[in-house]
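Bear in mind that the values in this text are calculations on the coordinates, not laboratory data. Just so we're clear, the structure is a prediction, and the values are computed from it rather than from any experiment. Glycine also receives a Cβ, built like all others from the backbone with ideal geometry; neighbour counts cover every protein chain displayed.
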């Protein structure tokens, strides 16, 4: 399969490397020091599921130099979604699947507006992974799963083909019965993980072990679930509690990418996570005081840097 990874950071770099190691024709779109390191020494992945070092790979900062793809995986930060969609237009031909494994619940709206609904399939990525240093992807724990499906939930030939190549590459992959629900399931979990690990400056272990911090985390997720249900998403009423049981199984050192971005003084995806819960809640008349607290506490850092 011909695959282009638009955004070869943590998630894109990890899953792209797995697909490339299995013999697929994979090209990576990256930039800056990360791109230079990949071109110079290849792409490395460190993971409990197996380390990789891919030396001879195609990497560029200009998607227009690449040939059209069977699958384009979009894995850029949410503020770059529109730019990325415009950039991959030359790669899209009839039948190409463009799938976003980004965070957030409005990513596919942006992609369909620019690329057309026929090009886009929905996706959810479940993994704890970061760029440890330029050219090096560091995977924490053993969770590394991709969930995807057509926006109308048909089991199309291209979705079946993507699933087959993922399985052949040793990737835990699933075709969603309801991709819209799967995206919201990931969203409410990530709202809690990102908002709390970033605002508390802590990995998940100490947060879930502290009574007050744990209660705050649970209520942050409850707000997101309530907003989703008000929008008609078929989340169970006790889905926040279900997610807490899952959070208890995660490695204590696990965090969310937003906490790492905060520590590195990078821009934050906050407006598309807790900020989105606040905006949707206001539109629907659903109170979201804890997500508003996270949004407002981190407001000084949302564009990177910050005081001090």
What is the angle, in °, between the Cα long axis of helix 10-21 and the longest principal axis of the Cα atoms in the chain? Nearest 10 is fine, range 0 to 90.
30 degrees
Point-to-point label distance, residue 263-residue 64, nm (Cα→Cβ direction, 7 Å offset)
3.9 nm
Would you please give the FRET efficiency between residue 82 and residue 231, computed as 1/(1 + (r/R0)^6) with r the Cβ-Cβ distance and R0 = 25 Å, to the nearest 0.05?
0.65
Count the DSSP beta bridges whose two residues both fall in segment 2-177, then state the antiparallel fraction as a percent rounded to the nearest 5.
40 percent
Quick one: which of 197-209, 98-110 comes out on top by average Cβ neighbours within 10 Å, and what's the full order, highest first?
98-110, 197-209
Using only the Cα atoms of segment 1-65, build the gyration tensor, take square roots of its eigenvalues as a ≥ b ≥ c, and label the shape rounded, prolate or oblate: rounded if a/c is under 1.5, else prolate if a/b is larger than b/c, else oblate.
oblate
In Å, the Kirkwood hydrodynamic radius of segment 181-301 over pairs of distinct alpha carbons?
14.1 Å
Which length gain, in nm to one decimal place, applies between residue 279 and residue 25 when the Cα-Cα distance is subtracted from 0.36 nm times their residue separation?
87.4 nm
Expected unfolding gain across residue 167-residue 55 under the 0.36 nm per residue rule, minus the alpha-carbon gap, is 38.0 nm
Go ahead and run the numbers for FRET between residue 48 and residue 246, Cβ-Cβ distance against an R0 of 22 Å, rounding to 0.05.
0.75
Reported to two decimal places, what Rg/Rh ratio describes segment 30-70 when computed on Cα atoms with Rh from the Kirkwood expression?
1.04
Taking the mean number of other Cβ atoms within 10 Å as a proxy for protection, how do you rank 47-54, 174-181 from highest to lowest?
174-181, 47-54
Shape category assigned to the chain from the gyration tensor of Cα positions, a/c cut at 1.5
prolate
Counting helices only, and only those DSSP H runs with n ≥ 4, report the 222 nm mean residue ellipticity of the chain as the sum of -39,500 (n - 2.57) divided by its residues, in deg cm²/dmol to the nearest 500.
-13000 deg cm²/dmol
Translational diffusion coefficient, Stokes-Einstein: compute it for segment 1-148 using the Kirkwood radius over C-alpha pairs as Rh, at 4 °C and 1.567 mPa s, and state it as an integer in µm² s⁻¹.
86 µm²/s
GNM, the chain, Cα, under 10 Å: largest mean-square fluctuation among 168, 144, 69?
168
Give me the percent of DSSP beta bridges within the chain that run antiparallel, rounded to the nearest 5.
40 percent
